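First up is the structure itself, then whatever we jot down about it.
Readers should treat all values here as calculations from the given coordinates under stated rules, not as data from a laboratory. Given the structure is predicted, the values throughout are model-derived calculations rather than measurements. Every residue, glycine among them, receives a Cβ derived from its backbone with ideal geometry; neighbour counts consider all protein chains shown.
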Amino acid sequence: MEIIIRSELPAERGASDEILRKAYGGDAEANLASALRAASEFNANLSLVAANGSEILGYALYTRVMVTGSSIMPAAALSVMAVREDRRKLGVAERLVRHGLERCRGLKIDLVFASAIPAYFARIGFRPAAPNIKPNWDLSPDQFSVFDLSGSHLAKLTGVVTYPASYHAR
Ligand SMILES: CC(C)(COP(=O)(O)OP(=O)(O)OC[C@H]1O[C@@H](n2cnc3c(N)ncnc32)[C@H](O)[C@@H]1OP(=O)(O)O)[C@@H](O)C(=O)NCCC(=O)NCCS
C-alpha cells in the first residue's frame, strides 16, 4: 500500500464525506465539509485526501480564517478530519496534518488552528491557543489549539479567529 497525500478531486467528495459520516457517526461534519467547500474561503489546495491509488483512506479540510486583534493575520483552521477506521494508527492523520501545515506555509499562512482532540495535536506540535486567542463561536477553550509556523507570532498575538458563517451556523 502506497499512501499519498494530495488535493481532493471534486469527484472524490462523496468518498471523503462517507469517511466523515462513518467516523463521526452522523451527517454534521460531512454537511459542514460541503458547506465549507462552497464557501468563498475555500481553497482546493487545502482540501486534502490520503489516497492509496484511487482509494480514499482519509480526509482533512483546512479553511481560511482571519485573526483580528493586536494585529490582523490570515490563518487556517483544520475544520474536519477523519481516517477510515480500518486504516487508523498508521500515521495517516499525522501526514494529513503535516502536509496541510506545509501547504499553509506555501500560502504564507503562519497560524493553523484545530478545534478538537488537543492531546492528539499536541503530539504534532500544536499548542493551546487560549487564553490569548479564541474563536468567534462557542468552543471550550481547552479544545482550541494552534500551530505557529513562524515560531514567533503566538508570543505577541491576542485576538479572535473569525470562522466562515457555515462553521458556527451548525
Ligand atoms: C483522530 C483520527 C483522525 C486519527 O487518525 P489516525 O490516522 O489513526 O492518526 P495517527 O495514525 O496519526 O495517530 C494515531 C494516534 O492518535 C491517537 N488518537 C486518536 N484519537 C485521539 C484522540 N481523540 N485524542 C488523543 N489521541 C488520539 C491514537 O490513539 C494513536 O495513538 P498511538 O500512536 O499512541 O497508538 C481518527 O482516529 C479519526 O478519524 N477519528 C474520528 C474523527 C475525529 O475525531 N477527527 C478529529 C477531529 S479534527
Open item on the list: Just checking: which of the helices (runs of 4 or more DSSP H) contained wholly in the stretch 83-170 hold 2 or more residues that are within 18 Å of Ala33 (Cβ to Cβ)?
Closed with: 92-106, 165-168
TODO: Assess whether Leu107 counts as being closer than 14 Å to Ile4 by Cβ and either in contact (Cβ under 8 Å) with a residue 60 or more places away in the chain or surrounded by 21 or more Cβ atoms within 10 Å (Cβ to Cβ) (or both).
DONE: no
TODO: Considering only residues that are under 12 Å from the mean Cα position of the chain (by Cα) and either farther than 23 Å from Asn43 by Cα or of a type in the set (Lys, Arg) (or both), look in the stretch 85-116 and name the one that is farthest from the ligand (Cβ to nearest atom).
DONE: Arg103
Task: Number of the condition not met by Ile133 [criteria: (1) crowded, with 21+ Cβ neighbours inside 10 Å; (2) closer than 22 Å to Ser47 by Cα] - done: (2)
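May I ask you to list the residues in the stretch 66-84 that are of a type outside the set (S, T, N, Q) and either in contact with a Ser or Thr (Cβ under 6 Å, 6 or more places away or on another chain) or within 10 Å of the ligand (Cβ to nearest atom) (or both)?
Of the residues in the stretch 66-84, the ones of a type outside the set (S, T, N, Q) are 66-67, 69, 72-78, 80-84.
Hits for the stretch 66-84 are Met66, Gly69, Ala77, Leu78, Val80, Met81, Ala82, Val83, Arg84.
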- [ ] Among the residues of the stretch 53-84, write down those that are among the charged types (D, E, K, R) and within 10 Å of the chain's Cα centre (by Cα).
- [x] Arg64
Task: Every pair of residues 6+ apart whose Cβ atoms lie under 8 Å, when the first sits in the stretch 1-15 and is within 15 Å of Met81 (Cβ to Cβ) and without any contact (Cβ under 8 Å) to a residue 24 or more places away in the chain while the second is among the charged types (D, E, K, R) and exposed (fewer than 13 other Cβ atoms within 10 Å of the Cβ) - done: none
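Within the stretch 80-100, work out how many residues are among the aliphatic types (A, V, I, L, M) and in contact with a helix residue (DSSP H, G or I) (Cβ under 8 Å, 6 or more places away or on another chain).
6
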